[in-house]
Structure formats: structure tokens, C-alpha cells
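Accompanying notes for the structure given below.
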Amino acid sequence: MGVTVSCPRCAAQVRKPDLMHSNWRCDNCGDVPPFHVAEHISAEIVGAVLRESASGAEPMPLWGPWPLPAGWMVTGVGWAGDDRSGVRATALACSGPEPLGGGPADLVFIAEQPGVGLGTRFAGIPGIDPGYLLSEALSDGGARSGPDAKIKVGGHPTPLWCVKSPEDRSAYVSEAKGIWLYAVAWPASAGYLLAEHVVLHDFSEGVPPELVFGAPSPYLHGRV
């Protein structure tokens with residue numbers, strides 16, 4: 001399985017541990033859990049990532065929509081972590097027709113422990129955790145008007161809150177299984193897909209044999 005490795009926070013190259021440093025490190029961000037992205041996608045590669053994520057002290061969920069929306073495919077998978085700390089974040093990319101215009105669209109779902117910074121990188125927002133932006137969304141009237149989207153995650157109704165992000169995308173944040181959940185969509189209007197009946201399944205509990213795979217997502221593979 002070919003894998004690319006980068007900084008989860010800024011996408012720069014990372015240095016392996018050596019005699020002087022016990023952790024992976026980025027020249028920009030310091031010590032980081034390296035972000036690995038499989039160069040291709042298939043059921044076998046998803047299975048390999050799941051075995052990696054289950055090997056740590058705290059197994060990480062790998063969230064993905066199931067059933068897939070009409071015309072959508074799984075187009076990438078990645079994880080952040082190493083042999084010492086275990087997997088601390090997972091990412092699954094999906095691609096399909098944009099719900100309003102029908103053009104190409106991409107969604108990346110990220111499960112992340114606090115302090116990783118992978119979700120904020122893809123969302124295009126500063127910092128390594130979204131708590132302050134979530135507070136802003138709630139203080140701007142979100143607490144009165146309710147969440148921006150409601151989906152089902154692991155069998156549970158889950159609110160999603162839209163946070164400020166660059167104009168080329170829309171970013172939603174929530175919490176599931178005690179860790180951060182991000183859903184980032186390109187173009188921004190693709191976020192309307194989350195207003196439909198989206199159900200996220202934890203593929204660590206079973207990968208549907210009918211899962212459809214497509215060409216690698218450009219966003220998971222370095223565009224952001």
C-alpha cells in the first residue's frame with residue numbers, strides 16, 4: 001500500500017524520529033502525529049487502515065456515509081498517528097455530484113482527538129481545535145435557531161454546526177464518541193448534502209461489501 005506522509009496541520013513534509021528526537025516533527029509546527037494518506041483506495045486498503053487504527057490503546061472510528069448518496073463513491077482514506085501514540089485521527093473522502101448544480105463535489109469526514117489539527121487544516125480555519133469557532137457559532141444565534149444540519153452518526157442523531165471557513169468550502173463540526181467530528185465540503189454548496197438524510201457509519205464496525213470506490217480525492221491528496 002503506497003502512502004504519502006505529511007504534517008496534519010500544514011501539509012508540509014515531516015521528519016522521522018531520530019537519535020535526537022523521539023517524535024515525528026514538522027519544521028513549521030513542531031512535534032506532530034504524521035498524517036498518512038493511502039495513494040489508492042479499495043476495500044483492502046480500507047481494511048488495512050482499520051487494522052492500523054485498531055492497534056492503539058484507543059481505537060479510532062472511521063466515519064463514512066452509508067448508504068452512499070446517489071452517484072457518490074469513496075475516494076480516499078488517511079490517518080494521523082505513529083507506532084508510539086497510536087492513531088489519533090482518521091479521514092475518509094467521498095466524491096459525487098454536487099446537490100444543487102450537479103457538478104463534481106467532494107466531502108471529507110474526519111474523526112480526531114483534541115490537539116491534532118487535521119480537521120482545522122481541511123476546514124481552512126486557524127488553530128488546532130474548533131472549540132472557539134463552535135462557541136462563536138452558538139453565540140451568533142445558533143443556540144436559538146438550532147444546528148445547521150442534523151445527521152445520524154453511529155446510530156445517534158447528531159447536530160452539525162457550520163463554522164467560518166474559506167469561501168471555496170463549507171465546514172461543519174460536531175462531536176461523536178467523545179472526539180471531534182468534521183465534515184468539510186467542496187464547493188461550499190456541496191454542504192447542502194448534509195441537509196439530506198445522511199447517516200455516518202463507523203467502518204471499524206464493518207465495511208459494507210457494496211461500498212463503491214472512485215478515483216483518488218484531490219483534496220485528501222494535497223490540494224489543501
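The values are calculated or read from the model by the stated rules, or taken from the named source; none is laboratory data. Note that the coordinates shown come from a computational prediction; the quantities given were computed from them, not determined experimentally. Backbone-built Cβ (ideal geometry, glycine too); neighbour counts: all protein chains shown. We work out accessible area using only protein heavy atoms, side chains counted, and drop any ligands, DNA or RNA first. Shrake-Rupley method; radii C 1.70, N 1.55, O 1.52, S 1.80 Å.
Listing for the model above:
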| item | result |
| --- | --- |
| Residue, surrounded by the most Cβ atoms within 10 Å (Cβ to Cβ), within the stretch 156-189, restricted to residues that are of a type in the set (Lys, Arg) and farther than 20 Å from Gly146 by Cβ | Arg169 |
| Residue, most open to solvent (accessible area, probe 1.4 Å), within the stretch 80-106, restricted to residues that are among the hydroxyl-bearing types (Ser, Thr, Tyr) and in contact with a strand residue (DSSP E or B) (Cβ under 6 Å, 6 or more places away or on another chain) | Ser95 |
| Check on Ala80, within 12 Å of the chain's Cα centre (by Cα) and either aliphatic (A, V, I, L, M) or at pLDDT 95 or above (or both) | yes |
| In the stretch 70-79, residue nearest to Met1 (Cα to Cα) [restricted to those that are in a strand (DSSP E or B) and open to solvent by 10 Å² or more (accessible area, probe 1.4 Å)] | Trp79 |
| Members of the stretch 190-206 found to be of a type in the set (A, V, I, L, M, F, W, C) and either touching a strand residue (DSSP E or B) at 6+ places or on another chain (Cβ under 6 Å) or open to solvent by 50 Å² or more (accessible area, probe 1.4 Å) (or both), listed by number | Ala190, Leu194, Ala195, Val198, Val199, Leu200, Phe203 |
| Options Ile110, Ile128; residue that is open to solvent by 50 Å² or more (accessible area, probe 1.4 Å), under 16 Å from the mean Cα position of the chain (by Cα) and among the aliphatic types (A, V, I, L, M) | Ile128 |
| Total residues in the stretch 1-40, condition more than 20 Å from Ser217 (Cβ to Cβ), part of a loop (DSSP other than H, G, I, E, B) and acidic (Asp, Glu) | 2 |
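Yes/no matrix, rows are residues, columns are (1) at positive phi; (2) basic (Lys, Arg); (3) open to solvent by less than 30 Å² (accessible area, probe 1.4 Å):
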site	(1), (2), (3)
Ala11	yes, no, no
Arg51	no, yes, no
Glu58	no, no, no
Trp63	no, no, yes
